[in-house]
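Novice: Structure provided below as structure tokens; questions to follow.
Rule-based calculations on the coordinates, nothing more; no lab input. Being a predicted model, the structure only gives us computed values, none of them experimental. Here Cβ is always computed from backbone atoms with ideal geometry, including for glycine, and neighbour counts include all displayed protein chains.
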Amino acid sequence: MALVLTGIVQGMRPVGGEFEDGPRKGEKWQFLSLEIADTRFGKVYSCQMRDGDQHYKDFVDAGKLKQDWTGHKVKATVMGVTAGLREIEDKATGEKREIMQVRMQITNLRDLGLPDDEE
């Protein structure tokens, strides 16, 4: 049985960069980043669709978003869950700190249309 996440997309954007350290130093990476809020408890999940996913090119072309489902209800299959440190910056003060962020690798992202007012 697969883990399935259903919720409202609060944001989506292509993200990319280059590995700075380690054995993959110099290699480029990219993925589609989505924030999905579940409709029952309101928790927001950081989701990523890898560039190797069969549907990635439906959403991203040349680093630009082709389809924006922000505000739409979606369903996605969760392939894996990881956690890692992420550095964030307070925009008001410029202060940087590290947080633990949980990320979900997703596939099979399906649009369920605009949500009902109750969701």
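Novice: Run the reach check for LYS66 against lysines, Cα to Cα strictly under 22 Å, same-chain hits fewer than 8 apart removed. What comes back?
Specialist: LYS28, LYS57, LYS75
Novice: Using 0.36 nm per residue, how much length does the chain from ILE99 to ASP68 gain when fully extended, once their Cα-Cα distance is taken away?
Specialist: Residue separation times 0.36 nm, minus the Cα-Cα distance, leaves 8.4 nm.
Novice: Express the C-alpha Rg of the chain as a ratio against the empirical globular expectation 2.2 N^0.38 Å, rounded to two decimals. Before the final figure, lay out the partial values.
Specialist: On the way: Rg = 15.5 Å, N = 119, 2.2 N^0.38 = 13.5 Å.
Rg over 2.2 N^0.38 Å, computed on Cα atoms: 1.14.
Novice: Let me know the longest stretch in the chain that avoids all trypsin sites (Lys or Arg not before Pro) found in a DSSP loop with at most 16 other C-beta atoms within 10 Å.
Specialist: That gives 92-119 as the longest site-free run.
Novice: If you don't mind, another one. Filter the GluC sites (Glu not before Pro) in region 11-109 down to the DSSP loop ones having no more than 12 other Cβ atoms within 10 Å, then list what survives.
Specialist: Qualifying residues, ordered by number: GLU20, GLU27, GLU95.
Novice: Right, here's the next one. Size of the dipole of the chain about the Cα centre, Lys and Arg at +1 and Asp and Glu at -1 on the beta carbon, nothing else charged, in debye to 20?
Specialist: Roughly 280 debye for the chain.
Novice: Quick one: work out Rg over Rh on the C-alpha atoms of region 47-117, Rh as Kirkwood radius.
Specialist: Values: Rg = 15.4 Å, Rh = 14.5 Å.
Ratio of gyration radius to Kirkwood radius for region 47-117: 1.06.
Novice: Where in region 90-119 is the amide nitrogen less than 14 Å from a point lying 7 Å along the Cα-to-Cβ axis of ALA83?
Specialist: Within reach of a label on ALA83: 99-104.
Novice: I've got another one for you. Nearest 0.05, what FRET efficiency do SER46 and ASP117 give at R0 = 30 Å with Cβ-Cβ as r?
Specialist: Numbers: r = 26 Å, r/R0 = 0.87.
For R0 = 30 Å, the calculated efficiency reads 0.70.
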